[in-house]
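*Asks:* The structure is given below, and queries will be raised subsequently.
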Amino acid sequence: MHILITGGAGFIGSHVVRHFLNSYPSYTITNLDKLTYAGNLANLREVERLPNYRFIKGDITDGDFLMRLFEEQRFDGVIHLAAESHVDRSITNPTAFVVTNVLGTVNLLNAAKASWGANLEGKRFYHISTDEVYGSLGSEGMFTEETPYDPHSPYSASKASSDHFVRAWHDTFGLPVVISNCSNNYGSFQFPEKLIPLFINNIIQKKPLPVYGKGENIRDWLWVVDHAQAIDVIYHQGKTGETYNIGGHNEWSNIALIQLLCRIMDTKLGRAAGESEKLVTYVTDRAGHDLRYAIDSSKLQRELGWVPSITFEKGLELTVEWYLTESEWLSNVTSGSYQCYYEEMYRGR
Ligand code: NAD
Ligand code: TYD
């Protein structure tokens, strides 16, 4: 079995690469990643010397390159995670999201179709998507696989578009695809542009914690290790042409999550109770900020038997411990261009 994982040097991708190499030593895993600001080979130190792992630096927006790669390598499966993934960046530079997330996905579909031809036995194209394609909920209800798509941000619109293209290659060309839509992930190796690692870093530095709006928006959080396990189950047992929602029934308002994070950080850093929470600063809201995400993952639980392995409180504690231990990783990714990003994104907010 030879699987191509795209975006394997990013946050979730690096967990998926590690999970597949550890769980399936007989598989060959090729990681294709452009190494944008979000891609970091240091995320894969633990596995980089394994004989069945290879890394290729390459860009999914280059269709000719992908055609050659698929011709040479003869992959049995693709797990596609490469993407521009941060909503705030999609507001400042939407076009990059269209190019990578939509065109890049179509290029991969074309390359898989050309390489596999009519020989589809054992082949699988697995597209990793997000719950954000379903839009925003009010105080009631959850996203199911039947919820109509209603994306609001350029990020979620680009992911929704890519999902439609993946389904079109299944319906029109018979490509054996499967799609999953997961809720917000957290855990080790997440780039500190997203809420949890950004706030952990700011608490360590005693910098203000920029809470958008009133902090009342709700997200449904899943430990990244549990997402990687769900991807394994869906890759091997999911039905072709189907969609699976992934999530842990774990909704938190941003402010409640931040208060919990502050309490954990005070304990771990030996600071007085309440010290980190004093850093909370309410700032101008994100444009088009989705109010609430909540995912119903009962289809995945019922049909494929997947369940999350730990509570949010435990997962968050493990995550904080990881960032405190891996201070070198954190200082490497927050030096240089990160400072410019932070200054531009949060200046005058
Ligand atoms: P990330 O930003 O940490 O990683 C993305 C990776 O893709 C990086 O390694 C980057 O270098 C690579 N990449 C970007 N453009 C590329 C290109 N043109 N060619 C090749 N590689 C390229 O993202 P993540 O948070 O790990 O998300 C991975 C996937 O999971 C994305 O498709 C995202 O939409 C989806 N997802 C993320 C979450 C979440 O909470 N982070 C939740 C659900 C779904
Ligand atoms: P984020 O981690 O960017 O994920 P997403 O927007 O894809 O859900 O943000 C999670 C929530 O935290 C979201 O409601 C926006 C909010 N947020 C802040 O309040 N401040 C911040 O600095 C960031 C990055 C996010």
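The values are calculated or read from the model by the stated rules, or taken from the named source; none is laboratory data. Keep in mind that what you see is a predicted model, and the values were worked out from it rather than measured. In this analysis, Cβ positions are derived from the backbone assuming ideal geometry, glycine residues included, and neighbour counts consider all displayed protein chains.
*Asks:* Taking the options Ala160, Ala168, name whichever one is surrounded by fewer than 20 Cβ atoms within 10 Å (Cβ to Cβ) and more than 9 Å from ligand 2 (Cβ to nearest atom).
*Replies:* Result of the check over Ala160, Ala168: Ala168.
*Asks:* Look through the range 293-308, keep the residues that are hydroxyl-bearing (Ser, Thr, Tyr) and under 18 Å from the mean Cα position of the chain (by Cα), and return whichever of them is nearest to Asp226 (Cα to Cα).
*Replies:* Ser297
*Asks:* What pairs come out if I take residues in the range 96-121 that are more than 18 Å from Leu81 (Cα to Cα) and pair them with residues that are at pLDDT below 95 whose C-beta lies under 9 Å away, six or more apart or interchain?
*Replies:* These pairs meet every condition: Ser115/Arg74.
*Asks:* On to the next question. Tell me whether the range 124-133 contains one or more residues that are surrounded by fewer than 16 Cβ atoms within 10 Å (Cβ to Cβ), in contact (Cβ under 8 Å) with a residue 24 or more places away in the chain and either under 24 Å from Asn250 (Cβ atoms) or not aliphatic (A, V, I, L, M) (or both). Break it down stepwise before answering.
*Replies:* First, the residues of the range 124-133 that are surrounded by fewer than 16 Cβ atoms within 10 Å (Cβ to Cβ): none.
Among the residues of the range 124-133, not one is surrounded by fewer than 16 Cβ atoms within 10 Å (Cβ to Cβ), in contact (Cβ under 8 Å) with a residue 24 or more places away in the chain and either under 24 Å from Asn250 (Cβ atoms) or not aliphatic (A, V, I, L, M) (or both), which makes the answer no.
*Asks:* Across the range 6-45, which residue is farthest from ligand 1 (Cβ to nearest atom) among those that are farther than 20 Å from Ala230 by Cα and among the charged types (D, E, K, R)?
*Replies:* Arg45
*Asks:* Same structure again: Tell me which residues, restricted to the range 20-57, are within 17 Å of Leu108 (Cα to Cα) and surrounded by fewer than 17 Cβ atoms within 10 Å (Cβ to Cβ).
*Replies:* Ile56, Lys57
*Asks:* In the range 239-254, how many residues are in contact (Cβ under 8 Å) with a residue 40 or more places away in the chain and assigned to a strand (DSSP E or B)?
*Replies:* 6
*Asks:* When the residues of the range 194-243 are filtered to those that are among the acidic types (Asp, Glu) and more than 16 Å from ligand 1 (Cβ to nearest atom), which remaining residue is farthest from Gly305 (Cα to Cα)?
*Replies:* Only one residue tops the list, namely Glu216.
*Asks:* Does His152 satisfy the condition of being of a type outside the set (Gly, Ala, Ser) and in contact (Cβ under 8 Å) with a residue 24 or more places away in the chain?
*Replies:* Here the answer is yes, as His152 does meet what is asked.
*Asks:* Looking only at the range 195-220, which residues are in contact with an Asp or Glu (Cβ under 9 Å, 6 or more places away or on another chain), closer than 30 Å to Ile79 by Cβ and within 9 Å of ligand 2 (Cβ to nearest atom)?
*Replies:* Asn217, Ile218, Arg219 - these are the residues of the range 195-220 that are in contact with an Asp or Glu (Cβ under 9 Å, 6 or more places away or on another chain), closer than 30 Å to Ile79 by Cβ and within 9 Å of ligand 2 (Cβ to nearest atom).
*Asks:* Determine whether the range 255-278 contains at least one residue that is within 16 Å of ligand 1 (Cβ to nearest atom), part of a loop (DSSP other than H, G, I, E, B), touching a residue at least 12 places away in the same chain (Cβ under 8 Å) and crowded, with 17+ Cβ neighbours inside 10 Å.
*Replies:* No, the conditions are met nowhere in the range 255-278.
*Asks:* Checking the conditions here, which among Gly138, Gly187 is modelled with pLDDT of 95 or more, within 18 Å of Arg219 (Cα to Cα) and more than 16 Å from ligand 1 (Cβ to nearest atom)? Outline the logic, then answer.
*Replies:* On the way: Gly187 fails: more than 16 Å from ligand 1 (Cβ to nearest atom).
The unique qualifying residue is Gly138.
*Asks:* For the range 58-79, name all the residues that are surrounded by 15 or more Cβ atoms within 10 Å (Cβ to Cβ) and either without any contact (Cβ under 8 Å) to a residue 24 or more places away in the chain or closer than 15 Å to Ser14 by Cβ (or both).
*Replies:* Passing the criteria: Phe65, Ile79.
*Asks:* Have a look at Thr144, Thr172 and point out the one that is more than 22 Å from Ala96 (Cβ to Cβ), among the polar types (S, T, N, Q) and without any contact (Cβ under 8 Å) to a residue 12 or more places away in the chain.
*Replies:* Thr172
*Asks:* Sticking with this structure for a sec: Out of Ala118, Ala112, Ala96, Ala83, which single residue is touching a helix residue (DSSP H, G or I) at 6+ places or on another chain (Cβ under 6 Å) and not hydroxyl-bearing (Ser, Thr, Tyr)?
*Replies:* Going through Ala118, Ala112, Ala96, Ala83 in turn, the sole match is Ala83.
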